[in-house]
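Worksheet for the structure shown next.
The values are calculated or read from the model by the stated rules, or taken from the named source; none is laboratory data. Because the structure is predicted, anything quoted here is derived from the model rather than measured. Here the Cβ positions follow ideal geometry from the backbone for every residue, glycine too, while neighbour counts run over all protein chains shown. Each accessible area value is taken on the protein alone, full model and side chains, heavy atoms only, with ligands, DNA and RNA left out. Shrake-Rupley method; radii C 1.70, N 1.55, O 1.52, S 1.80 Å.
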Amino acid sequence: MDLCVIGTLAYDSIETPFGSAQDALGGSATYIATSASYFTQPVGVVGVVGGDFSSEALAFLQSRGVDISGVEIKTDGRTFRWAGRYHHDLNQRDTLDTQLNVLAEFDPVIPESMRNARFVCLGNIAPALQSKVLDQMIAPEFIVCDTMNFWIEGAFDDLRLVLARVDCLIINDSEARLMTNEPNLMRAARMIMQMGPHILIIKKGEHGALLFTSEGIFSAPAFPLENIFDPTGAGDTFAGGFIGYLARQGEITESNLRQAVVVGSAMASFCVEKFSVDALKDLTQEKIRERIQAFKHLSHFEHEEISIANPAA
Ligand code: AMP
């Protein structure tokens with residue numbers, strides 16, 4: 001197994017200007033694993049659910065080539081729940097409720113078959129749990145970490161310990177500013193990279209994503225969509241496409257990292273078209289390739305043809 005993912009498996013209640021959904025399948029691990037499964041299989045998932053988690057949801061993950069042997073089922077507990085409301089500007093959302101439930105007592109145990117995974121994705125979950133996962137991995141070659149304001153505000157000391165151990169952090173622009181108390185994203189990026197990750201991705205919602213590496217900055221657009229229905233999980237879907245593609249390529253190079261950012265952006269652009277993981281259920285190679293091609297077209301230009309007047313003339 002090349003890729004092991006830890007994160008939440010959740011029921012989400014979502015309100016957007018276009019509709020609402022109650023107890024929809026969600027969670028960081030659900031989105032990451034589903035997205036990554038289009039590039040590498042099996043994807044090992046480590047997480048916890050309650051007795052109320054539907055067997056159909058687990059069967060769906062298995063149908064995507066996800067190994068759920070690391071998902072603990074606490075029959076007498078309730079699954080993690082999150083509720084959020086999106087503003088008219090879909091880049092803005094309020095968390096209405098976070099119920100940790102079975103997550104509060106979770107002590108992750110990584111199955112033997114997953115401990116030697118080369119790629120690890122620490123999806124959004126308590127940083128202390130992210131650390132416990134890293135403690136059990138044998139010799140991961142590339143560790144990606146995601147987090148959110150809930151943990152930046154509530155468990156920053158734990159998060160700092162995780163950051164010191166990861167290769168790549170994926171966060172959004174408001175989280176980068178929150179983490180550093182620095183409004184300027186370039187300065188915030190430098191400060192975050194000093195905390196540990198040598199690769200940083202800052203997502204800017206419908207304005208794309210920035211990749212920071214030792215070689216410089218790469219900017220990928222977001223796909224301009226007319227119908228954005230529900231942005232929930234877009235960030236996790238991005239992370240899944242990003243690490244899934246890197247696991248498939250097997251090598252961390254600047255070129256692969258840039259391609260992986262575009263793959264992640266393409267996967268996220270599908271995610272937002274429907275509620276929950278619905279838009280990620282029936283993608284085809286052709287649809288994914290077409291969208292990646294559209295990304296290339298979106299930002300490609302012939303710079304040799306741009307003529308500039310001589311200021312001295
Ligand atoms: P995203 O829109 O990519 O930020 O991810 C949304 C998903 O994250 C939802 O499916 C939620 O269930 C999950 N989520 C929300 N809050 C948390 C949290 N504090 N820790 C872990 N996962 C969360």
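Values computed for the structure shown
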| quantity | calculated |
| --- | --- |
| Unique residue being of a type in the set (D, E, K, R), under 24 Å from residue 140 (Cα atoms) and open to solvent by less than 70 Å² (accessible area, probe 1.4 Å) when the list is 230, 236 | 236 |
| Test: residue 221 is under 24 Å from residue 160 (Cβ atoms) and either in contact (Cβ under 8 Å) with a residue 24 or more places away in the chain or open to solvent by less than 10 Å² (accessible area, probe 1.4 Å) (or both) | no |
| Pair list, Cβ under 9 Å, 6 or more apart: region 290-303 residue loosely packed, with under 13 Cβ neighbours inside 10 Å, other residue assigned to a helix (DSSP H, G or I) | 296/262 |
| Considering residues of region 103-158 that are of a type in the set (Gly, Ala, Ser) and out of contact with any strand residue (DSSP E or B) (no Cβ under 8 Å at 6 or more places or on another chain) only, the residue nearest to residue 248 (Cα to Cα) | 139 |
| Filter pass, residue 212 being open to solvent by less than 50 Å² (accessible area, probe 1.4 Å), aromatic (Phe, Trp, Tyr) and away from the ligand (no atom under 14 Å from the Cβ) | yes |
| Residues satisfying the stated conditions in region 230-259, i.e. within 13 Å of the ligand (Cβ to nearest atom) and farther than 19 Å from residue 117 by Cα | 230, 231, 232, 233, 234, 235, 236, 237, 238 |
| When residues of region 127-179 are limited to those that are of a type in the set (Phe, Trp, Tyr) and over 18 Å from residue 27 (Cα atoms), the one most open to solvent (accessible area, probe 1.4 Å) | 156 |
| Condition check for residue 124: open to solvent by 10 Å² or more (accessible area, probe 1.4 Å), modelled with pLDDT of 95 or more and within 16 Å of the ligand (Cβ to nearest atom) | no |
| Positions within region 277-289 being surrounded by 14 or more Cβ atoms within 10 Å (Cβ to Cβ) and of a type in the set (D, E, K, R), in sequence order | 278 |
| Residues that are of a type in the set (D, E, K, R) and within 20 Å of residue 278 (Cβ to Cβ), drawn from region 35-73 | 56, 64 |
| Flag if residue 184 is open to solvent by 20 Å² or more (accessible area, probe 1.4 Å), within 16 Å of the ligand (Cβ to nearest atom), among the polar types (S, T, N, Q) and under 28 Å from residue 300 (Cα atoms) | no |
| Residue that is farthest from the ligand (Cβ to nearest atom), among those in region 159-181 that are under 20 Å from residue 238 (Cα atoms) and of a type in the set (Val, Ile, Thr) | 166 |
| For residue 111: the one exception among (1) over 19 Å from residue 143 (Cβ atoms); (2) at pLDDT 95 or above | (1) |
| Conditions (1) touching a Leu at 6+ places or on another chain (Cβ under 9 Å); (2) surrounded by fewer than 17 Cβ atoms within 10 Å (Cβ to Cβ); number of the one not met by residue 64 | (2) |
| Unmet requirement for residue 274, which otherwise passes all of (1) assigned to a loop (DSSP other than H, G, I, E, B); (2) crowded, with 24+ Cβ neighbours inside 10 Å | (2) |
